[in-house]
Amino acid sequence: MSDEKPTFSCRGPGTPAGPLLPVGAKREAPHDIDLGSVSQGKVDFENWKGAADRPEPSPPAPLAPEKRLGIAIVGLGRLALNQILPAFSQSKLARPVALVSDRPEKAQAVAQQYGIDPSAIYRYDEMARMAENPTIDAVYIVTPNGMHRDHVVAAAKAGKHVLCEKPMANTADEAREMIAACKAAKVKLMIAYRCQYELFNLEVARLTQSGELGQARIIEATNTQVQGPGDQWRMRAALSGGGALPDIGLYCLNGVRTLLGEEPIEVYAQIINPDNDPRYREVEETISFSLRFASGTIANCVSSYGAHECKDMQIRLEKGWIALENAFAYQGQRLRIAQRHGEGEEVNEVRLSPKNQFTLEIDHFAQCVLKDETPHTPGEEGLQDHLLMEAIYRSAREGMPVKIDLVSAHPPVSAAARQS
């Protein structure tokens with residue numbers, strides 16, 4: 001009789017040979033590389049991939065729901081419902097706890113979808129009552145531009161921190177009022193410049209400011225789309241504060257300032273409206289503007305409500321070029337970098353793991369409130385853009401360049417500081 005222990009196999013006919021586990025053999029426990037470790041309430045794993053591949057990111061470490069920043073969403077339009085509220089599903093630091101809308105039936109439907117207490121639904125003229133709700137720590141203003149000032153002031157009076165969509169308001173004077181109201185109430189005010197938190201835009205700013213490709217000489221920033229019916233709020237100056245410039249051209253203006261970490265010293269602009277199109281009685285369809293910087297960089301920016309969608313940015317530097325496709329879009333960013341390679345040119349594409357830019361923006365705001373830090377894009381950043389947009393409009397009216405001699409309300413935060 002054989003002394004060998006019997007073995008079992010689940011292989012069928014034609015199955016490749018593999019290791020056989022003896023009957024009764026003790027199974028070996030997983031190694032620490034697979035089990036991970038816990039430190040300060042966070043689970044982490046050792047990188048299991050080889051050096052040639054990108055490491056897997058650490059698992060998310062969200063706060064417990066009751067410890068997350070409670071945010072009231074003010075305004076339930078397309079942006080709030082299509083982008084902002086869904087972004088909370090990936091947030092580690094914040095959660096929606098209240099809604100503000102003058103459409104009760106819509107607010108009730110949204111509250112049910114996101115598990116928000118029906119008693120935490122307010123009308124715009126009831127925002128003062130939010131002071132009585134301790135679950136609301138902050139508000140996210142997502143109403144038309146012309147309503148931002150009143151809603152920010154109301155939120156500040158209720159003692160709530162404020163995240164406000166861009167553009168900050170309709171005018172620089174309104175922006176100043178909003179900053180003053182938040183300071184008086186001792187609450188934080190952050191402007192929702194989502195692209196400043198988007199990973200590809202951050203990388204472009206880092207690379208441009210690093211000097212690896214030399215000094216930036218020419219920047220081309222384009223943000224265009226074809227606008228539809230004329231009765232939407234964007235075509236009404238009292239609600240929008242302007243046309244293509246404050247709505248989508250602002251991404252070009254703020255994007256250039258951000259990637260350079262520098263303020264322009266001169267602007268020159270032109271506005272063109274189509275003949276006999278009643279949609280553009282109050283606001284501009286197309287605007288082109290140039291920004292000149294003391295460093296020698298020139299940025300050529302164009303924004304239009306009448307051209308097929310394009311949201312790209314190119315930077316021409318001394319030693320190469322950078323192209324960011326869909327720079328200002330919600331998704332679909334593609335980053336390419338070109339530089340000399342021997343006697344030829346090498347063009348490389350940088351691929352980054354996508355992250356929801358609205359989530360990144362919301363979590364930065366939440367961290368600033370929870371840890372009492374200053375946001376990278378405070379109210380002064382919004383004010384600075386309003387001052388520059390007013391200079392751009394003045395240039396377009398007068399048909400000549402306008403020198404920028406104003407004291408910067410908020411110089412752009414360096415790429416290194418924003419990534420730290």
With Cα springs under 10 Å, the Gaussian network model of the chain assigns the largest mean-square fluctuation among Glu165, Glu46, Glu126 to Glu46
Per-residue HN-Hα couplings for segment 91-103 [Karplus 6.51, -1.76, 1.60; θ = phi - 60°; Hz; x = Gly/Pro]:
6, 9, 10, 9, 8, x, 10, 7, 9, 10, 6, 8, 10
Please give the per residue accessible area of segment 73-225, computed with a probe of 1.4 Å over protein heavy atoms only, in Å².
40
Karplus-derived HN-Hα couplings along segment 125-134 (A = 6.51, B = -1.76, C = 1.60, θ = phi - 60°), whole Hz, x at Gly and Pro:
7, 10, 4, 4, 5, 4, 4, 8, 9, x
Only helical DSSP H runs with n ≥ 4 go in: add -39500 (n - 2.57) per run for the chain, normalise by residue count and round the 222 nm mean residue ellipticity to 500 deg cm²/dmol.
-7500 deg cm²/dmol
Over the chain, what is the relative contact order in whole percent, taking alpha-carbon pairs under 8 Å and six or more residues apart?
15
Go ahead and collect, in residue order, the members of segment 48-70 whose backbone nitrogen is under 16 Å from a label point 7 Å along the Cα-Cβ direction of Val38.
59-64
What accessible area per residue comes out for segment 294-383, rounded to a whole number of Å², with a 1.4 Å probe?
50
Difference of contour (0.36 nm per residue) and Cα-Cα distance, Glu318 to Glu56:
90.8 nm
Reachable lysines from Lys160, Cα under 28 Å, same-chain residues fewer than 8 places away excluded?
Lys67, Lys92, Lys106, Lys183, Lys186, Lys188, Lys355, Lys371
At a 1.4 Å probe, what is the % contribution of carbon and sulfur to the accessible area of segment 91-168?
46
Provide the net charge surrounding Glu285, with neighbours chosen by a C-beta distance below 9 Å and charges set as Lys +1, Arg +1, Asp -1, Glu -1.
-1
From phi via Karplus (6.51, -1.76, 1.60), per-residue ³J(HN,Hα) for segment 37-45 in Hz, x at Gly/Pro:
9, 10, 9, 6, x, 10, 8, 9, 10
Tell me, what % of the accessible area of segment 296-420 is carbon and sulfur with a 1.4 angstrom probe?
47
Gain in length, Ala307 to Glu46, computed as 0.36 nm per residue apart minus the alpha-carbon separation, to one decimal in nm?
89.1 nm
Measuring from its Cα centre, the chain shows a charge dipole (+1 at each Lys and Arg Cβ, -1 at each Asp and Glu Cβ) which, in debye to the nearest 20, is 600
Under a 1.4 angstrom probe, counting protein chains only, how are Arg279, Arg176 ranked by accessible area, largest first?
Arg176, Arg279
Hey, could you grab the Kirkwood Rh for the chain? Inverse mean 1/r over distinct alpha carbon pairs, Å, one decimal.
24.1
Can you compute the radius of gyration and Dmax for segment 267-420, using only the Cα atoms, both in Å?
18.9, 56
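The values are calculated or read from the model by the stated rules, or taken from the named source; none is laboratory data. What you are looking at is a predicted structure, and each value in this text was computed from that prediction instead of being measured. Reconstructed Cβ throughout: ideal geometry from the backbone, glycine too, with neighbour counts over all protein chains shown. Remember, those area values only see protein heavy atoms, side chains included, never the ligands or the DNA or RNA. Shrake-Rupley method; radii C 1.70, N 1.55, O 1.52, S 1.80 Å.
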